[in-house]
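This report refers to the structure that appears directly beneath it.
The values are calculated or read from the model by the stated rules, or taken from the named source; none is laboratory data. Everything numeric in this text was worked out from a predicted model, so none of it was measured. Note that we place each Cβ from the backbone using ideal geometry, even for glycine, and neighbour counts take in every protein chain shown. SASA here: full protein model, heavy atoms, side chains in, ligands and nucleic acids out. Shrake-Rupley method; radii C 1.70, N 1.55, O 1.52, S 1.80 Å.
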Amino acid sequence: MNNSFILRGGIAFSEDKNRITTYYRGYIVCVDGICMGAFPSLPDEYKDLPLYDYGERLIIPGMTDLHVHAPQYTFRGIGMDEELLEWLSTYTFPEEAKYADMEYARRAYKYFTEDLRRCFSTRAVVFGTLHTDATLELMDQLDKTGLITYVGKVNMDRNGGENLQEESAEASLEATKEWLERCKGRYVNTYPILTPRFIPSCSDELMMSIGVLSRENGLRIQSHLSENLSEIAWVKELVPESTSYANAYEIFDTMGTPDCPTIMAHCVHSDEEEMSILKKHGAYIAHCADSNMNLTSGIAPIRKFMDAGINIGLGTDVAAGSSMNMVKTMLITLQASKMYYRLVDQNVKPLTFEEVFYLATEGGGSYFGKIGSFKPGFDFDAVVVDDSKMYSMRDMSIRERVERMCYNDADAIIKDKFVKGRKVYTRIE
Ligand code: GUN
Ligand code: FE
């Protein structure tokens, strides 16, 4: 298959955050990896392109996982009995320490990479560990998949315990610079992203130097913000002059700019002040509903963030989230927003299916550019889904089938996946 072609099937994509456009047996046109649009009947100008007819299958935009920890993949779904800080010290840090061993890293990252290749995501923003060699191994593996990712070598120079802590701010900065040097010219699909784990893991000096590195080199940053109440109280002690956790990142100049946006995972407990800081900097919130349930962190008021015009995408946050299935993440996002409305604040309406589909596709995709829709000019990222195992007693609309897929993800089989018009995965029957 070359990079210009037509796909035919049951097409669904976000027109905007409140509307999903669908075509039964419609067409989407890819020219040189770019989407020319979706059509109910094929425009004459494209009739000479090769056509691949997927029949009754669904074709939806590729999804973006805006926050996932690759080294946590192999222990997902266990040890879910603690809240954040205990979960990190009991399960997570001891596991991440193992990535000093390259043999271990190579094996474990193969499992992660293979799952990412097979799931609904065509793009992802990924945490590695603090280890340079293991993070390069992860990037090498991801680059070969054709998926487009940002990957970070983690910075942590305090509170990691004996086995998961860099010696000093200076050592962490030097290791980061060396990692960036080794990334240069090495990848087609993989970009480095600065990754100070969160403020409790990074001294003031380290945070400051990451802010400078970001600014001087136009490098983006990802981190965690206001996930858990004990974490927030700890940050207030660590940075007493800050007016909020978000302000602490601002003090260190790590909140980014609209042209070089920072991703902040969680924001479960972000108030008006944090919202205005996120908005001012053009930062992205990676909403991780599954993780926030599992670690009893709380429910992020995503409706409020959307109304405020803050950039938002969805993250699986494996291993605090138990799976890399973005469709499952969509469902938990919907359920969480319904419980927020019912139990927390009846002025904050639940998210609609349209909104959550938008967040999973174009919302998070916009971090990468024009990604996550079949509107003209978008990169051609697409997932072909076979939902024929979801037996029904009547014909369903494409919109109903996409919603049903979200609520019954186990019966939605991914057939093919395309990134920028290149097929990156095909299911062997
Ligand atoms: N905050 C700092 N590190 C982590 C992590 O690995 N997972 C989650 N969920 N929150 C964090
Ligand atoms: Fe996380």
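Per-structure values
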| read-out | value |
| --- | --- |
| Residues (part of a helix (DSSP H, G or I) and either within 23 Å of the chain's Cα centre (by Cα) or within 14 Å of ligand 1 (Cβ to nearest atom) (or both)) located in the range 225-247 | L229, S230, E231, I232, W234, V235, L238, Y245, A246 |
| Residue that is open to solvent by 20 Å² or more (accessible area, probe 1.4 Å), at pLDDT 95 or above and of a type in the set (A, V, I, L, M), where the choices are I299, I312 | I299 |
| Residue list for the range 28-66, filter: surrounded by fewer than 24 Cβ atoms within 10 Å (Cβ to Cβ) and in a loop (DSSP other than H, G, I, E, B) | D32, G33, P40, S41, L42, P43, K47, D48, L49, P50 |
| Flag for F374 being aromatic (F, W, Y), open to solvent by 20 Å² or more (accessible area, probe 1.4 Å), in contact (Cβ under 8 Å) with a residue 40 or more places away in the chain and part of a loop (DSSP other than H, G, I, E, B) | no |
| Residue count, the range 81-136 (criterion: away from ligand 1 (no atom under 16 Å from the Cβ) and open to solvent by 30 Å² or more (accessible area, probe 1.4 Å)) | 14 |
| Selected residue (only one of S323, S291 is modelled with pLDDT of 95 or more, part of a helix (DSSP H, G or I) and hydroxyl-bearing (S, T, Y)) | S291 |
| Qualifying residue in the range 184-206 (condition: more than 23 Å from the chain's Cα centre (by Cα), in a helix (DSSP H, G or I) and within 16 Å of ligand 1 (Cβ to nearest atom)) | yes |
| Breaking point among (1) open to solvent by less than 30 Å² (accessible area, probe 1.4 Å); (2) not in a helix (DSSP H, G or I), for M330 | (2) |
| Subset of the range 310-347 [under 19 Å from the mean Cα position of the chain (by Cα) and over 27 Å from Y73 (Cβ atoms)] | I310 |
| Of all residues making up the range 4-27, the number that are in a loop (DSSP other than H, G, I, E, B) and within 24 Å of E354 (Cα to Cα) | 2 |
| Every pair of residues 6+ apart whose Cβ atoms lie under 7 Å, when the first sits in the range 263-281 and is free of Cβ contacts under 8 Å to residues at least 12 places away in the same chain and away from ligand 2 (no atom under 12 Å from the Cβ) while the second is open to solvent by 70 Å² or more (accessible area, probe 1.4 Å) and among the hydrophobic types (A, V, I, L, M, F, W, C) | none |
| Close pairs from the range 227-241: first open to solvent by 70 Å² or more (accessible area, probe 1.4 Å), partner within 12 Å of ligand 1 (Cβ to nearest atom) and assigned to a helix (DSSP H, G or I), Cβ under 6 Å, at least 6 apart | W234/P200 |
| Filter result for M80 (more than 16 Å from ligand 2 (Cβ to nearest atom) and at negative phi) | no |
| Test: S172 is over 26 Å from N292 (Cα atoms) and in contact with a Leu (Cβ under 6 Å, 6 or more places away or on another chain) | yes |
| Answer residue from the range 198-219, given it is within 16 Å of ligand 2 (Cβ to nearest atom) and surrounded by 22 or more Cβ atoms within 10 Å (Cβ to Cβ) and is farthest from K153 (Cα to Cα) among those | I199 |
